[in-house]
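One structure is given below, encoded as structure tokens.
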Amino acid sequence: MQPTHPTGPEERDEPGKPDEPAKRDEPGQPAGDASAGARPARIAVTGSSGLIGSALVRSLRADGHEVVRLVRRPPRAGDEAEWDPSGRRREVTVAALTGCDAVVHLAAAGVGDRRWTASYKREIRDSRVVGTAAVAEAIASLDVPPRTFLCGSAIGYYGYSDRPVDEDAGPGTGFLPELAQEWEAAAAPAEGAGVRTVLLRTGLVVARSGGAWGRLFPIFRAGLGGRLGSGRQYWSFISLDDHVAAQRFLLREETGLSGPVNLTGPEPLPNREITRAMGRALHRPTVFFVPTPLLRVVVGEFAQDVVGSQRVLPSRLLAAGFTFSHPGIDAALRAALA
């Protein structure tokens, strides 16, 4: 049982199928008034084939916005444009972003996809820090830059603690908090060019497939689910619908928000309570558990992220007037399974 803990969007922009037509009963449709603006906008999205990115693209298109999907290869569809995450061919990324009203940058390597060898930790870092710098520097060099830049980040920034934290809290220590600090700093060129820059500190996204819950659901459906470690560690979750709606909300210039914004639900819970909720939602027993020493044997250094406690609150979203459609775990699970 190996979930991906709250360490980032983990979006990819690899070759994939064209986006399917939007359906109003799919995850990622707007919750409330979460539009990118009153008029149709041209919005570039990296990581558009990932869990969050694909849902965001569907949602934006359903409301008539033009979406440019940035890919790391020659374009194969009319809505695609190539970008260079290494930053060596800035002119390619500049061309892709020209004429855009907003940019949403979600592309990153999965933190929990492989064991943390030294080489894979470099890949995790470079996909975030180098890729973000490539986008931010391209934005800064545009004659007419976009008005808004939403840049992926993670609540891994805060480190581990049982105490509630919000955007005013300082960073933690260790690989993931230090990574998050570098990641966010890489967005500085866009902010320095006067572009409103929002850092999306993402928690665990509750979805039927993809991400952490995409791995957990099959295990629990098989009746093999249970708590991880002590089960006392807090998990800060958000439904996929609410995550997309929050991004739509943040794209609106009138919110005035910039800097870090926590994309987590307002009710973080201990892992053992989430385990019980999974059992209720799927009508399965949850008697199994994975002890921390076994996790360390199976996944190595990443085990600390699985059993580390993060009790993160979305204070800035709430203060700005955003309303969650699925604030609690039961509602988030029902939305994922609908």
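The values are calculated or read from the model by the stated rules, or taken from the named source; none is laboratory data. Computed from a prediction, not measured in an experiment: that's the story for all the values here. Quick reminder, even Gly has a Cβ in these numbers, built from the backbone with ideal geometry, and neighbours come from all protein chains shown. Note: accessible area is taken over every heavy atom of the protein model, side chains too, but ligands, DNA and RNA are not part of it. Shrake-Rupley method; radii C 1.70, N 1.55, O 1.52, S 1.80 Å.
Spin-label model, residue 254 to residue 141: label points 7 Å out along the Cα-to-beta-carbon direction sit 3.6 nm apart. Secondary structure note: in the chain, about 5% of the DSSP beta bridges are antiparallel. Taken one residue at a time, the phi angles of the range 109-125 give Karplus couplings (6.51, -1.76, 1.60, θ = phi - 60°) of 6, x, 5, x, 6, 9, 4, 7, 6, 4, 5, 6, 5, 5, 5, 4, 5 Hz. Gly and Pro are set to x.
Here the Debye sum runs over all C-alpha atoms of the chain as equal scatterers in vacuum, and log10 of I(q)/I(0) at q = 0.06, 0.08, 0.09, 0.10 Å⁻¹ comes out as -0.19, -0.34, -0.43, -0.53. Per-residue SASA remark: residue 100, around 10 Å² accessible (1.4 Å probe; ligands, DNA and RNA not included). Placing +1 on the Cβ of each Lys and Arg and -1 on the Cβ of each Asp and Glu in the chain, which of 197, 49, 65 has its Cα farthest towards the positive end of the resulting dipole? Value: 49.
Think of a 1.4 Å ball rolled over the protein heavy atoms: the chain then has 39 Å² of accessible area per residue. Listed peptides 176-182, 285-291 appear in the order 176-182, 285-291 once ranked by packing, highest mean of other Cβ atoms within 10 Å at the front. Approximating the spin labels as points 7 Å out from Cα along Cα→Cβ, the residue 42-to-residue 209 distance works out to 3.3 nm. Averaged over residues, the count of other Cβ atoms within 10 Å places the peptides 123-131, 216-224 in the sequence 123-131, 216-224, highest first. Ranked by the mean number of other Cβ atoms within 10 Å of their residues, highest first, the peptides 308-317, 137-146 fall in the order 308-317, 137-146. Among the protein heavy atoms, those of residue 305 account for about 0 Å² of accessible surface (1.4 Å probe, every chain in place).
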